[in-house]
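This report refers to the structure that appears directly beneath it.
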Amino acid sequence: TIFASLDYMLTAPTSNTFLIPSVLTEISSSSSSSSSISTSLFKSTLHIHPSIKSFSQVLNLSHGSLKIKSEPNAGGNSVASEVLSFDILRLMYGCSLLKTEMELEYFPAGGKITDYSISVFGIENIGVSVTRAYSYNKVFDVNDGIVLLEKKLKGIKESSRLVMKKFWKNKQILHIFADNEEVGKVLEEVWNNGVGNEVKGNTVAIVTVVNNAPWIFKANAKSE
């Protein structure tokens, strides 16, 4: 399946269109604390228009993406990936933005937080955590993948536990940008064979392999 905007094109298996709604609907009706549900990892490929050399040149964004871009966040160098994450999920699955990073509230404060929350397929308050995986001066290997996924998945569990009930999330999506197809394959292998179900919980993972956009990724590390 091909999804296109003026600035980029996305390709994904047609099966994703049917499987992701099914997985989200199935797990949203289950206990958010369940650790017995093993979900799949879904892959897509992002093709940025070759004329776009920086994030500032991405001009055709949705209202929700512009809101994420313009509002304060918790810091770091991840604004571009968070903005594009929402735009991609909106384009592919028709989601709506509910809360940005700093609009979500937690108690006690000071723990792990979620990047934004969405409504999708009629399910409210799905959290989305965004991260990036990429090679830097060495091959991104299975150990790198395990470290990244375990760190992010544990953070997701913590943020889901601490979020205030008015923002309660049925579940979360972990959206990972990979800087090439090989990194995407490593993440898929680790998700399927290197991380236990007790770590995954009921998180759905989406890996987007990126072409022509090195500016999405940091220049001095393999992963966040």
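The values are calculated or read from the model by the stated rules, or taken from the named source; none is laboratory data. The structure presented is a predicted model; accordingly, all values stated were derived computationally and were not measured. Don't worry about glycine lacking a Cβ; one is built from the backbone with ideal geometry, like all the others, and counts go over all protein chains shown. Heads up: the accessible areas ignore ligands, DNA and RNA and are worked out on the full protein's heavy atoms, side chains in. Shrake-Rupley method; radii C 1.70, N 1.55, O 1.52, S 1.80 Å.
State which entries of K99/K200; K112/K152; K157/K185; K43/K152; K43/K165 exceed 21 angstrom in Cα-Cα distance in the structure shown.
Over 21 Å apart, Cα to Cα: K99/K200; K157/K185; K43/K165.
Using only the Cα atoms of the range 105-150, what are the Rg and Dmax in Å?
15.3, 43
For K138, which aspartates and glutamates qualify as cross-link partners when the Cα separation must be under 16 Å and same-chain residues fewer than eight apart are set aside?
K138 reaches D179, E181, E182, E224.
What length, rounded to one decimal in nm, is gained on full extension from N73 through to L19, with 0.36 nm per residue of separation minus their alpha-carbon distance?
16.3 nm
Quick check: from the Cα gyration tensor, does the range 125-224 come out rounded (a/c under 1.5), prolate or oblate?
prolate
Of all DSSP beta bridges located in the chain, what percent are antiparallel, nearest 5?
In the chain, approximately 45 percent of DSSP beta bridges are antiparallel ones.
When the accessible area of the range 128-188 is computed with all protein chains present and a 1.4 Å probe, what percentage of it is carbon and sulfur?
With neighbouring chains kept in place, the figure for the range 128-188 is 54 percent.
Which order do K200, K154 take when ranked by solvent-accessible area (1.4 Å probe, heavy atoms of all protein chains), largest first?
Largest to smallest exposure gives the sequence K154, K200.
If you project the alpha carbons of the chain onto their three principal axes, what span does each projection cover, largest first, in Å?
45, 37, 36
Size of the range 42-142 along its principal axes in angstrom, Cα-based, largest extent first?
Between the extreme Cα coordinates on each principal axis of the range 42-142 lie 39, 30, 27 Å.
Quick one: accessible area per residue over the range 110-224, 1.4 Å probe, rounded to a whole number of Å²?
So the range 110-224 comes to 41 Å² accessible per residue, rounded to a whole number.
Subtract the Cα-Cα distance of N137 and N197 from 0.36 nm times their separation in residues, and report this length gain in nm to one decimal.
Going from the current span to full extension adds 18.5 nm.
Calculate the spin-label point distance for D7 paired with L66, positioning each point 7 Å from the Cα along the beta-carbon direction, and give it in nanometres.
It is 1.2 nm.
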